[in-house]
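Down below is the structure, laid out as structure tokens.
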Amino acid sequence: MNPLIRVKDLHVQFNGTRVLDGLDMEVCEGEIFVILGPSGVGKSVLLKNLIGLLRPSSGRIFLGDAEVSALSEQDLNVLRENVGMVFQGSALLNSLSVLDNVALPLRERHKLAEEEIIPRCRQKLALVGLQDAEELLPAQLSGGMKKRVSIARVLAIEPRLILYDEPTVGLDPILAEGVDGLILELKRTLGVTSLVVTHDLDSAFLLADRIAMLHEGKFHFVGTPDQFRATDNPIVRRFTQRGKK
């Protein structure tokens, strides 16, 4: 498979503190690549660098043939039209209905006509099982429903790549399983490439084609879930043992 994401020798520092320290990564088209690590190790920072919301101290980032780390802000905005990001807190606007939240990026960035926007958004809500919720406000939704609305909003732009920042955080196990199942279904039906950052081992094992373990700014393990379970890598073992406590 061809790599959709390539990261070479990525360094990120804030006020002299190293967050990413020579990180290398490739994510292939159509795969679900999961980055594991505890809070505060730079997982979200990496996502923001991938789409140019943050600029690296040094290193190179490619999405397809485009070098993200060298693009102007105008060119980054064009690139982001093909990349969706599902934020930890869903990032819904409380004053807008479910349907209008899903339609927002199409109205603001893609400038489609309303007769194109509404059917597309209804189709994406149906994909995430919320076809009957389009008139509801975010305050009327459960945590799992909010997460699915945020995924539908991303799907509305029909991206090549979806970035998920802790997609199951704050959800009970049943709702988390539903969100994980949706991510898998999108891969199966749409062939979307997904990059998921999480500290949830259950989600990682369910979702991943490959798992990467982020520690002290670098990946100390990259492999399949079976390889992850079998490795004697001390950093992986320490993380998985902590998850069992």
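The values are calculated or read from the model by the stated rules, or taken from the named source; none is laboratory data. None of these values were measured; they are calculated from a predicted model. Here the Cβ positions follow ideal geometry from the backbone for every residue, glycine too, while neighbour counts run over all protein chains shown.
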>> I'm trying to understand the selection: among the residues of the range 180-204, which are basic (Lys, Arg) and free of Cβ contacts under 8 Å to residues at least 12 places away in the same chain?
In response: Arg188
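Every residue, every condition in (1) closer than 30 Å to Thr189 by Cα; (2) surrounded by fewer than 21 Cβ atoms within 10 Å (Cβ to Cβ); (3) free of Cβ contacts under 8 Å to residues at least 24 places away in the same chain, yes or no:
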position	(1), (2), (3)
Leu10	no, no, no
Gly16	no, yes, yes
Phe33	yes, no, no
Gly40	no, yes, yes
Arg55	no, yes, yes
> All but one of (1) surrounded by 16 or more Cβ atoms within 10 Å (Cβ to Cβ); (2) modelled with pLDDT of 90 or more hold for Cys28; which doesn't?
Replying inline: (1)
> Considering only residues of the range 98-127 that are more than 21 Å from Lys146 (Cα to Cα) and basic (Lys, Arg), which is modelled with the highest pLDDT?
Replying inline: Arg109
> Take the residues of the range 182-204 that are acidic (Asp, Glu) and surrounded by fewer than 19 Cβ atoms within 10 Å (Cβ to Cβ): which is nearest to the chain's Cα centre (by Cα)?
Replying inline: Glu185
> What number of residues in the range 58-79 are of a type in the set (S, T, N, Q) and surrounded by 15 or more Cβ atoms within 10 Å (Cβ to Cβ)?
Replying inline: 1
> Does the range 205-216 include one or more residues that are crowded, with 17+ Cβ neighbours inside 10 Å, farther than 27 Å from Lys124 by Cα and either in contact with a Lys or Arg (Cβ under 8 Å, 6 or more places away or on another chain) or without any contact (Cβ under 8 Å) to a residue 40 or more places away in the chain (or both)?
Replying inline: yes
>> I'm checking my understanding of the structure. Among residues of the range 156-180 that are in a helix (DSSP H, G or I) and either modelled with pLDDT under 90 or acidic (Asp, Glu) (or both), which one is farthest from Gln131 (Cα to Cα)?
In response: Pro173
>> Testing Ile51 on (1) crowded, with 18+ Cβ neighbours inside 10 Å; (2) more than 22 Å from the chain's Cα centre (by Cα), one condition comes back false. Which one is that?
In response: (2)
> Applying the selection to the range 200-218, what residues are assigned to a strand (DSSP E or B) and of a type in the set (D, E, K, R)?
Replying inline: Arg210, Lys218
>> Going through Ala133, Ala126 one at a time, which residue ends up being closer than 13 Å to Ala152 by Cα and in a helix (DSSP H, G or I)?
In response: Ala126
